[in-house]
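To start, the structure itself, in structure tokens.
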């Protein structure tokens, strides 16, 4: 767990019960962001447990949460010889652990209720294209096989292009103009053959800034809706409005 990440009241008991009653390889918990008070900023307990027998469908469902260590509960006993130290230095140790266990497990699960409060904008100064495109893509490729196929990788990356990348690219255009062409180059190296990249994501980097901000805002909102995060977005907007003097 991260230093500022907190379970919503009752979550620990719920999680323990789920783990005792089921043989999950990886149980993923759905987080929500908070600025100061996780209780007043809580979007509500809506959702349930979703089980997956197919690892590709599971990874597509959780999307970027595969990189978020606080969301992942991993059953190490399914892979007793797995040594996390061999992955140290790659920034995504938890992805390797989760991938290996999820692939080996008979089933995995995603708890879609908002049960984990996470401090917003507390991830440090990482390079998003390097982490979420280059390194994550390399890890996905390294696990390609009978149980995790090219189609599974494509499905996962479609999810990321639709509902994850637009937000971070929009934030980059709002904050920094200098890196957008380099960012586009790095994305294109991975997604040059994907129409979704050229239509949905690339305009945020290539259009003139005012138009790019409008398009980036649209794709971010639509991506969050497609991801089932409309309720969280409304709660966030209402909380920010209340904080205005």
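Any read-out appearing in this document is the output of simple, stated calculations on the displayed coordinates, not a laboratory observation. This one's a predicted model, so the numbers in the text were calculated from it and none came from an experiment. Cβ placement follows ideal geometry from the backbone for every residue including glycine, while neighbour counts extend to all protein chains displayed.
Please sort 53-64, 35-46 by packing, taking for each peptide the average over its residues of neighbouring beta carbons within 10 angstrom, highest first.
Final packing ranking: 53-64, 35-46.
Each Cα pair under 8 Å and six or more residues apart adds its sequence gap; the mean of these over the residue count of the range 1-123 is a relative contact order of 50 percent.
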